[in-house]
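Peer 1: Can you read through this structure? Questions will come right after.
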Amino acid sequence: MRTRSKKPDWQQNIAKERIQILFDLAEKEFKKYPERSRRYVQLARKIGLRYNVRLPKEIKRKFCRKCDSLLLPGRSCTVRLDSKKRALTIKCLNCNKIYRYPYG
Ligand SMILES: [Zn+2]
């Protein structure tokens with residue numbers, strides 16, 4: 001069985017940089033061009049897959065994994081704290097997908 005070889009570090013570092021740049025762009029363009037913003041997110045995710053780069057936690061929570069829309073509180077998502085379940089609930093207003101993040 002062939003195992004997938006790990007990409008060299010320098011390539012992964014470039015990939016990480018590109019992902020960061022694409023997410024910055026996605027955030028900048030979101031207000032004016034939501035469609036373009038989504039494409040940046042899709043591209044960033046593709047780069048991550050190709051180079052076996054995991055998206056940092058803070059980026060992972062910034063977009064919807066179902067529809068690739070950027071998640072901006074009060075704009076494209078709602079954020080609620082469920083104190084009983086001790087979880088942060090984020091709802092994507094584009095596709096209605098709900099994410100729950102436990103805390104505490
Ligand atoms: Zn969504």
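The values are calculated or read from the model by the stated rules, or taken from the named source; none is laboratory data. The model shown is predicted, which means the values in this text are computed figures rather than measured ones. Note that each Cβ is placed from the backbone with ideal geometry, even for glycine, and that neighbours are counted across all protein chains shown. Ligands, DNA and RNA are excluded from the accessible area calculation, which covers all protein heavy atoms including side chains. Shrake-Rupley method; radii C 1.70, N 1.55, O 1.52, S 1.80 Å.
Peer 1: Taking θ = phi - 60°, what integer Hz values does the Karplus form 6.51 cos²θ - 1.76 cosθ + 1.60 yield along the range 68-80, in sequence order, with x for Gly and Pro?
Peer 2: 6, 6, 6, 9, 10, x, x, 10, 10, 8, 10, 10, 9
Peer 1: Now for a separate question. Report the extension gain between Lys31 and Tyr103 in nm, rounded to one decimal, defined as 0.36 nm multiplied by the number of residues separating them, less their alpha carbon distance.
Peer 2: So the extension gain works out to 22.9 nm.
Peer 1: How large, in Å, is the range 12-66 by the Kirkwood hydrodynamic radius built from its alpha-carbon pairs?
Peer 2: 11.0 Å
Peer 1: I'd like the distance separating the alpha-carbon centroids of the range 64-104 and the range 1-55, in whole Å.
Peer 2: 22 Å
Peer 1: Quick one: net charge of Leu43's neighbours, Cβ under 10 Å, K/R +1, D/E -1?
Peer 2: Result for the neighbourhood of Leu43: +4.
Peer 1: Indicate the gyration tensor shape class of the range 54-102 (rounded, prolate or oblate), computed on the Cα atoms with a ≥ b ≥ c the square roots of the eigenvalues: a/c under 1.5 is rounded; otherwise a/b larger than b/c is prolate and the rest oblate.
Peer 2: The shape class here is oblate.
Peer 1: While we're here: Give the accessible surface of the range 1-97 per residue, rounded to a whole number of Å², with probe radius 1.4 Å and ligands, DNA and RNA excluded.
Peer 2: 75 Å²
Peer 1: How many percent of the accessible area of the chain is carbon or sulfur, using a 1.4 Å probe?
Peer 2: 50 percent
Peer 1: Still on this model: Over the Cα atoms of the chain, Rg to Rh with Kirkwood Rh, two decimal places?
Peer 2: 1.05
Peer 1: What angle do you read, to the nearest 10 degrees and between 0 and 90, between the alpha-carbon axis of helix 34-50 and the longest principal axis of the chain?
Peer 2: That works out to roughly 50 degrees.
Peer 1: Modelling each spin label as a point 7 Å along the Cα-to-Cβ direction, I'd like the Asn96/Arg80 distance in nm, to one decimal.
Peer 2: It works out to 1.4 nm between the two label points.
Peer 1: Okay, next question. On a 0 to 90 degree scale, rounded to 10, what angle separates helix 9-29 from the longest Cα axis of the chain?
Peer 2: 30 degrees
Peer 1: On full extension of the chain, what length is gained from Arg18 through Cys67, given 0.36 nm per residue of separation minus the C-alpha to C-alpha distance?
Peer 2: Residue separation times 0.36 nm, minus the Cα-Cα distance, leaves 15.6 nm.
Peer 1: Here's another thing I want to ask about it. Going by amide H atoms built from the backbone, whose H comes under 5 Å of the H on Leu72, apart from near neighbours?
Peer 2: Here the answer is Cys77, since their amide H atoms fall under 5 Å of that of Leu72.
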